1. With the requirement that a residue be open to solvent by less than 60 Å² (accessible area, probe 1.4 Å) and in contact (Cβ under 8 Å) with a residue 40 or more places away in the chain, what does region 44-72 give you?
2. Do any helices (runs of 4 or more DSSP H) lying entirely in region 1-77 carry at least 2 residues that are more than 22 Å from GLY88 (Cα to Cα) and modelled with pLDDT of 95 or more, and which ones are they?
Amino acid sequence: MLPGLAVGLVLVGAGCGASLPDPESPGARVLVARCGGCHRVYAPGSMTAEMWRFQVGRMRGLFAERGIPWLAPGDERALLDYLVAHAGSS
């Protein structure tokens, strides 16, 4: 694991009060590295799968509006798979 990512995972866990589920998974790594680079990392269980799909789509649109490169297709898939697998119930 990359040293910076390890530190990020520790800080995220400390800042959120609970560690991320399956923190070594590709989706968790994308969540910490890319999402956490701009805002706090939200626990996957804090939203339903439908809410996560909406939020990821919304962020994709914001990135496009601002001319910021979006996630590679494999990273987006890993992120969505991770968030949906660990999503909360309604």
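The values are calculated or read from the model by the stated rules, or taken from the named source; none is laboratory data. Since the structure is predicted, the reported quantities are computational estimates derived from the model, not experimental observations. Don't worry about glycine lacking a Cβ; one is built from the backbone with ideal geometry, like all the others, and counts go over all protein chains shown. Surface areas here come from the heavy atoms of the whole protein model, side chains and all, with no ligands, DNA or RNA. Shrake-Rupley method; radii C 1.70, N 1.55, O 1.52, S 1.80 Å.
1. PRO44, GLY45, MET47, THR48, LEU71
2. In region 1-77, 49-66 are the helices (runs of 4 or more DSSP H) which contain 2 or more residues that are more than 22 Å from GLY88 (Cα to Cα) and modelled with pLDDT of 95 or more.
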